[in-house]
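Encoded as C-alpha cells, the structure appears first; notes follow it.
The values are calculated or read from the model by the stated rules, or taken from the named source; none is laboratory data. Just so you know, these numbers come straight off a predicted model, no measurement behind them. Cβ sites come from the backbone with ideal geometry, for glycine too, and all protein chains shown count toward neighbours.
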Amino acid sequence: MLFLCVRAKNLLEWCDSRYKNLLESCKFDSFYRLEWCDIVMKRKIYNELLEWKLKRKGKTAIMIDGARRIGKSYIAEEFAKNEYKSYILVDFNHADKRLTEIFDNYLHDLDMFFMQLSTYYSVKLYERDSLIIFDEVQLYPRARAAIKYLVADGKYDYIETGSLVSINRNVKDIVIPSEEHRIPMFPMDFEEFLWALGDETTMPFIKYCFERKMPLGPLHRKTMDLFRQYMIVGGMPQAVLTFAETKDFEETDTVKRDILALYRADIEKYAAGYESKVKSIFDWIPAELQRHEKRFKLADISGTAKYRSYESSFFWLADAKIVNICYAATEPTIGLKMRMSNLALKCYMADTGLLISHTFDEKTIAAEKLYSKLLLDKLEINKGMLVENIVAQMLCAAGHKLYFYSSYSKTDASERIEIDFLIQKPNLTNRHNISPIEVKSTTKYTLTSLEKFSKKYAEQTSAPIVLHTSDLQEKEGILYLPLYMTPLL
C-alpha cells in the first residue's frame, strides 16, 4: 500500500482513537516505515509494484500507465523510499544538458554511466538494492530505449512513468524494449476514497455481505451517502486530498477544473493535426451521456461526421486515459472482443468527479450549491449519466473491458433491447459465461430489456445483475446489488 501524507489542522476532531492507534502501529511495519501524519491515504497499486519487485527480481522494468495527475510520479518515489536502500529520480521534465550528456556519452559503458549518474545526484547506488526512476520518460526516448541494456545489466531496478499519449508518440528511431512490463493506474477507487476519509471498516463489511449475498441493512443508507461523496469528488488524488483535508466541495471543484484545463492543454499540444476533432468529442461527452441510450452520435457534432474520420480522436482520448470507451458487442459469447462492433460506442469520462465539473462549467453555477444538491440527490438532471459513468469507471478499475449490447427493430418489439454492460465470468464453463448488467439511478424502474435479453440468450448468459441505489437482494433469478458493490464483480 502507498501512504500519502497531507496536513490537516483539525484531524483529531474526526479521527477516533482506534484509527489513530492503527496508524501509530504502522510506524513499526517493515513495509511502510511511516511517521505519524495528519491524513493518511493508501493506493492499491503499491502492492502490484511490490509483487513486481519480489517476483521479477530486476528481470524487467515497469512502466506505470495512467492519466495526467493520477499520481504516477509520486507513487514511484514513495515506493523507492520505502522498499530500497537508495534511489535516483531522473526527472526528464527538468533535465539539464549535463544530465542528457550522461545518457548520450556513457550508455555504451554502463559502469561509467552509473558512476556519472551517482555523482550527478550525489546518491550512492547499491547493487540489487537501488531503484532508478525515469520520470516523464517520453521527453527523452533514448532513456526508454536504453532500458533493454540496463535491465540486462541486472544491477538495479527501474520504473518508468509518463503520459501514454506522448509515450506512444515519441518512439521514432527507438526500439520499444520487450523488458518493459506495463501496469495501469486508475483514479482512486471507492475503497481508496474511504481510506482517505479515515474509514478502514466499511469496505471489509461490504465485501463480507457481498460474499454471503446478504444486505447491509441499517448501514446501507450511510454507505450510499459515502458513495455519493465519492461520485461527486471523484478519484483524482489531488481532488481527494483536498476534500479529505477541507471537506469543502468548492475547493475540490477548483482542483478538478485545473486538471480539466491541463487536459485541454494536452489536446492542443499532443493531438497535432486533429486537435479540433479531439476537442469536439471531449466537449460533447456530457451531452452524449445525457441521452437515454448514452451512445455517442457523431451527427450531433456535425451532420456529415463519419466514424472513420473521428476514430483516431476517440483512440487518442482513450490512450490519454481521459475517457473509457465502451463498445457494442453483437452477441454475448466468450471473447467479447471478437463480437465487437465499431459502429456504436459509448464514451465515458475516466473520472466521474471530472465529468461533473466538465458538465457544469457555467460561471453562473455556484459549486457549493451544485454539490449540495447532488449529495442530497435533489438535482434535476438525468442522474443516470453520472451513475452509469461511475459504474464504467469502477468496472475498468476492476480489470473489465467495457462492452454493451443494443438491438433495434421497427417491427419486432422483442428485438428492442438495450443492456448497459456485459462482463465475462472469471472461471469459464461450457455455457452461461456472460453476465448482463443494468444500471439504475432511481428506485423506480423496469427491466424489460434485461428480461428480453435473458430469454433470447438463455444458453450464453449467467445470472443477470442490476446495479441500483437500494440494498442487496436476489429475486426471480436476478441479483440486485447496491452501486458500491460494483468493484467486487
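For the range 224-238, the set of residues classified as under 17 Å from Leu375 (Cβ atoms) and either surrounded by fewer than 23 Cβ atoms within 10 Å (Cβ to Cβ) or hydrophobic (A, V, I, L, M, F, W, C) (or both) consists of Met224, Asp225, Leu226, Phe227, Arg228, Gln229, Met231, Ile232, Val233, listed by residue number. Among the numbered conditions (1) surrounded by fewer than 18 Cβ atoms within 10 Å (Cβ to Cβ); (2) among the hydroxyl-bearing types (Ser, Thr, Tyr); (3) touching a Ser or Thr at 6+ places or on another chain (Cβ under 9 Å); (4) touching a residue at least 40 places away in the same chain (Cβ under 8 Å), the only one that Thr443 does not meet is (4). Of the residues making up the range 333-355, those that are out of contact with any strand residue (DSSP E or B) (no Cβ under 8 Å at 6 or more places or on another chain) and within 17 Å of Pro187 (Cα to Cα) number 4. Is it the case that some residue within the range 383-390 is at pLDDT 95 or above and touching an Asp or Glu at 6+ places or on another chain (Cβ under 8 Å)? Checking the range 383-390: at least one residue is at pLDDT 95 or above and touching an Asp or Glu at 6+ places or on another chain (Cβ under 8 Å). In the range 314-327, the condition of being modelled with pLDDT under 75, more than 19 Å from Thr486 (Cβ to Cβ) and not acidic (Asp, Glu) is met by no residue.
Only residues that are crowded, with 18+ Cβ neighbours inside 10 Å and either without any contact (Cβ under 8 Å) to a residue 40 or more places away in the chain or under 18 Å from Lys452 (Cβ atoms) (or both) were counted across the range 462-477, and they come to 5.
Do we find a residue being over 24 Å from Asp189 (Cα atoms) and in a helix (DSSP H, G or I) anywhere in the range 386-394? No, the range 386-394 contains no residue that is over 24 Å from Asp189 (Cα atoms) and in a helix (DSSP H, G or I).
Within the range 431-471, being in contact with a helix residue (DSSP H, G or I) (Cβ under 6 Å, 6 or more places away or on another chain), within 12 Å of Asp420 (Cα to Cα) and part of a loop (DSSP other than H, G, I, E, B) holds for one residue alone: Pro464.
Checked against (1) at pLDDT 90 or above; (2) of a type in the set (Asp, Glu); (3) touching a Phe, Trp or Tyr at 6+ places or on another chain (Cβ under 8 Å), Glu24 passes all but a single condition, namely (1). For Arg308, all conditions in the list (1) modelled with pLDDT under 90; (2) more than 25 Å from Ile64 (Cα to Cα); (3) crowded, with 18+ Cβ neighbours inside 10 Å hold save one; what is the number of the exception? In the conditions (1) modelled with pLDDT under 90; (2) more than 25 Å from Ile64 (Cα to Cα); (3) crowded, with 18+ Cβ neighbours inside 10 Å, Arg308 misses (3) alone. Kindly indicate which of Thr252, Thr242 is modelled with pLDDT of 90 or more, in contact with an Asp or Glu (Cβ under 7 Å, 6 or more places away or on another chain), in the same structural domain as Phe404 (by TED's automatic domain parsing) and assigned to a helix (DSSP H, G or I). Every option except Thr242 fails the conditions.
Glu293 falls short on exactly one of the conditions (1) more than 30 Å from Ser407 (Cβ to Cβ); (2) not in a helix (DSSP H, G or I), and that condition is (1).
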